[in-house]
Structures are given as structure tokens and as C-alpha cells.
Amino acid sequence: ILSFFLSACLLISSLLPTSEVTPEQPPAEEVTVSAPSLVLMEASTGQVIYEKEAHTSLHPASITKIMTMILIFDALEEGKISLEDTVTVSEYAASMGGSQVFLESGETQTVETMLKCISVASANDACVAMAEHIWGSEQEFVSRMNQRAKDLGMKNTTFVNCCGLDVEGHMTTAYDVALMSRELITRYPQIHNYCTIWMENITHVTKQGTKEFGLSNTNKLLKMSANFQVTGLKTGSTSLAKYCLSATAEKDGVRLIAAIMAAPDYKARFSEARTLLDYGYGICKLYQDENMDILPDAIVLGGVKESVSLQYESGFTFLSTDGSDVSNITKQIHTFNILQQTIKV
């Protein structure tokens, strides 16, 4: 005799003051941007609030480093490295061009200092040094970057290096940038302790002696006046990528991500990110229910036990983008009886 249980179902239904509405594309006069590709996403739900050519493949420049930092924090979480570990700079890492902090071959820095160099000053040399420190070579590190991207559902992304220098085939999209930005800030919120540093000095200790080097944050949005708190995240620019930015912000518990690709000039990426974020905070209201009180048991019909216990899979989150008053949301819990069936074989 074989017996089995049909699974118990727990349905949490949220009763909204108005019927649920799928957000429509906002009127053109509300969002005016010149960047050819961009996305505005809410972080806790991953809901896209506004988009423009979001899945167009483009060169990402240094916003590539968002994935590099994800892998660094993955290694920290797994205990593979620690913030206090000493990283030795190879000749190859020291040879990186573009944005750098001028690390010298044989120089050592801590993992935490390298994180600051990457998140604040967008240092290519620090990226490669960390890639080699964690996985032995940049090539292996990049392979892990691509696997991580695949796991996150970044369907239109291919990384060829860990820092974002222009090379053939190194491409992503605004939507994929938003996805990896969401992963970084939700899984590793400590990133904000680094990417919001405005200025800080590091110390180079080399054969030539000891000298101070100033880090200056490339994300000027941090100092622009706004009706929300800017919390990061990463800039990027090359001749092929033009001007890119993944901007993160928070207001009234709502965290938004504005991914800007190929903006026409240095200032446009910041002003257009602010435009998107202003728009988002003008229409978004977030309802969250983290109540995990004990649930009633589910009745078992014809079973060896009369009931089984239930538990929540997760909290409940609802993002309103139509102006609804989320304070009016109520919750009802419906439990269903579990039927035990007997099959004769």
C-alpha cells in the first residue's frame, strides 16, 4: 500500500483599496532622458518601474566591477578570504591601464583596502589583484563571474575581464546591470559602507618608500542635492561604453536602482539617474509584512495524524506604483485541508 500526502497550501491574500494595476509606461513629460538604454528597478521585489531599451547589449565599462565585488563578498561569506588578508600585487595586475590607484608589483594591501580602491576609485589594478588572490588568475575569476551572472538570470551578459576595459565581446544590458546591482545591495548591504566613502587615503609601501594616495569617489551623485538618500553604487566610462552608472538610493524604506547605459556625457548619467529616482519615489509605495506569528494547523483527512503544522515560506511584500494607500492593505490567511489518498497496487 502506497500513501502520499498532497502538499499543504498557505494562501496570503492582500486586499487592496483599489484593484491591482499593471504599471503603464509613464507619460513622456514625466521622464525625459537622453541615454539610449536604462532601467529603474525596486530592489526588494525586483520589479521594473521604468525602462528604455533595457535589453540592448552595450559595453559596460567599470560597472563590470559590480560583479567583481559580488564575487569578493561571496569569497568573504564563504570564508575563502577575510578583510584582513594580505593581497600581493602581481606584475600583470600592476600593468592595468585606465582607472587605477597605481599599485606596484610586489606591493601588498589588505582585502579591505582593495575593496575601497575598487568601489571608491574604480581601480582596475586592484580588481585584477583581487581576482588573482581569490581564484589564482583573472581568467578563472572571469569564468566564475559569468557563471554567477547566469545564475542571476543575466541572459545578455558576457564578461571577458574583471574590470571593464573595452574588449570585443565584453557586453551587458541595463536590465542585467540592475539585476547584479540588486544582488549586491540586497545580499551584501555592507557594500554601502565602502561605495559611499567620498574621500580617503591609502598608503603605498614599496621599494621606493612610503607614500599616501588619495581615493576620490567617482560617483558624484553622492554630493548632488536630492529628495532621497543616495547609497551607491558604481560608475563606468570608456570610449565605447560612453558614460554609465548604476545608482542606488533609499527613501521611506524603498530602495531603488537606476541603471544608465551609454549616456552622452559625464553629467548626463548623474542628472538622468536623479530624474529616474525622483520619478520612482513619486509613485512607489512599499508594503511589507514580516509577521511570522504561529499559524493554525492544517487538518489532515484520513491520515495517521489529525493535523500538521504550517509555517511561512517568507514575508510578504507588495510594491504599489499607482498611488494606492498601502496602509489600507489587510491580510487574510486561508488554510486548506490535506487529503491523504490510498492507492492499491
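Out of the GluC sites (Glu not before Pro) in segment 26-80, which ones are loop residues according to DSSP with at most 12 other C-beta atoms within 10 Å?
Passing sites in segment 26-80 are Glu29.
Roughly speaking, to the nearest percent, how much of segment 59-111's 1.4 Å accessible area is carbon and sulfur?
Answer for segment 59-111: carbon and sulfur cover 47 percent of the accessible area.
Say R0 is 22 Å: what FRET efficiency, to the nearest 0.05, do Asp166 and Ser143 get from their beta-carbon distance?
Once the sixth-power term is evaluated, E becomes 0.65.
Probe 1.4 Å, all protein chains in place: accessible area of Ile299 in Å², nearest 10?
Answer for Ile299: close to 80 Å² accessible.
If you add up the charges near Phe316, with Lys and Arg at +1 and Asp and Glu at -1, over every other residue whose beta carbon is less than 12 angstrom from its beta carbon, what do you get?
For residues surrounding Phe316, the net value is -2.
So which GluC sites (Glu not before Pro) in segment 204-301 end up in coil per DSSP with only 13 or fewer other C-beta atoms within 10 Å?
Sparse-neighbourhood loop GluC sites (Glu not before Pro): Glu290.
Simple spin-label model, 7 Å along Cα-to-Cβ: Ser95 to Lys207 in nm?
Label-label distance for Ser95 and Lys207, simple model: 1.7 nm.
Hey, any idea what % of segment 128-178's accessible area is carbon plus sulfur with a 1.4 Å probe?
Heavy-atom surface of segment 128-178 belonging to carbon and sulfur, 1.4 Å probe: 46 percent.
Measuring from label point to label point, each 7 Å out along Cα→Cβ, what is the Asp322 to Ser34 span in nm?
Those two pseudo-labels are separated by 3.6 nm.
Jot down the radius of gyration and Dmax of segment 141-233, Cα atoms only, both in angstrom.
16.7, 48
Using the Kirkwood radius over C-alpha pairs as Rh, can you work out the diffusion coefficient of segment 56-128 via Stokes-Einstein at 37 °C, viscosity 0.692 mPa s, in µm² per second?
The estimated diffusion coefficient comes to 259 µm²/s.
Counting other Cβ atoms within 10 Å of each Cβ, which trypsin sites (Lys or Arg not before Pro) in segment 200-302 have at most 11 and sit in a DSSP loop?
Lys207
In square angstrom, what is the accessible area per residue of segment 148-201 with a 1.4 angstrom probe?
For segment 148-201, the solvent-accessible area averages 44 Å² per residue.
Short version: ³J(HN,Hα) in whole Hz for each residue of segment 241-252, in order, from phi by Karplus 6.51 cos²θ - 1.76 cosθ + 1.60 (θ = phi - 60°), x for Gly and Pro, what are they?
So the Karplus estimates, Gly and Pro as x, are 7, 6, 10, 10, 7, 10, 9, 10, 8, 9, 7, 6 Hz.
Treat each spin label as a single point 7 Å out from the Cα along the C-beta direction, and report the Glu200 to Ser307 distance in nm.
5.3 nm
Among Lys52/Lys242; Lys150/Lys220; Lys150/Lys242; Lys150/Lys331; Lys150/Lys223; Lys211/Lys267, which pairs are too far apart, with a Cα-Cα distance over 27 Å?
Cα-Cα > 27 Å for Lys150/Lys220; Lys150/Lys331; Lys150/Lys223; Lys211/Lys267; rest within.
Take Thr86, project a point 7 Å from its Cα along the Cβ direction, then tell me which residues of segment 103-132 have their backbone nitrogen under 14 Å from it.
106-111
The values are calculated or read from the model by the stated rules, or taken from the named source; none is laboratory data. Keep in mind it's a predicted model, so treat the numbers as computed, not measured. Glycine gets a Cβ as well: all are built from the backbone with ideal geometry, and neighbour counts include every protein chain shown. Ligands, DNA and RNA are stripped out before the accessible areas are found, and what is left, the full protein with its side chains, is counted by its heavy atoms. Shrake-Rupley method; radii C 1.70, N 1.55, O 1.52, S 1.80 Å.
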